[in-house]
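Read through the structure below, which is laid out as structure tokens, and then see the notes.
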Amino acid sequence: MNIFVGSLPWSTEEDELRGSFESFGEVASVRIITDKFTGRSKGFGFVEMPDDAAAEKAIEELNGSSFGGRNIVVNESKPKPEGERRGGGGFNRGGGNRDNFNRDRY
């Protein structure tokens, strides 16, 4: 099972995160997501555990627990629905008709 872990302290190392999950069972992989330009942690990551029962126990025990002084969010990672877009900013970059303000000027 792939597990999302959020609200991680910026200084969290993958080995630290692995150690927290290994007490519940085998950990196949750990990945902390970093900014591609700065290399700095984005404050979240993913842990993969092959045993679903162990993964569910880890989620139940670790969600909301204190990790490095922060309460972390732990839940099953689900893929984004097909067609959902990333980013975007949410504002119109179309330019529009900017002459409306100057139409009656002359």
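Computed from the coordinates by the stated procedures, all read-outs in this text should not be read as laboratory data. Please read all numbers here as calculations on a predicted model, not as lab measurements. So basically every Cβ, Gly included, is an ideal-geometry build from the backbone, and we count neighbours across all protein chains shown.
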Taking every other residue with Cβ under 10 Å from the Cβ of V30 and scoring Lys and Arg +1, Asp and Glu -1, one gets -4
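When only C-alpha pairs under 8 Å and at least 6 residues apart count, what is the relative contact order of region 2-76, in percent? Working shown, then result.
Details: 136 pairs, mean separation 31.5, N = 75.
Rounded, it is 42 percent for region 2-76.
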With +1 at each Lys and Arg Cβ and -1 at each Asp and Glu Cβ, the charge dipole magnitude of region 2-76 around its Cα centre, to the nearest 20 debye, comes out at 500 debye
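Would you please give the FRET efficiency between K36 and K57, computed as 1/(1 + (r/R0)^6) with r the Cβ-Cβ distance and R0 = 30 Å, to the nearest 0.05?
Rounded to the nearest 0.05, the efficiency is 0.35.
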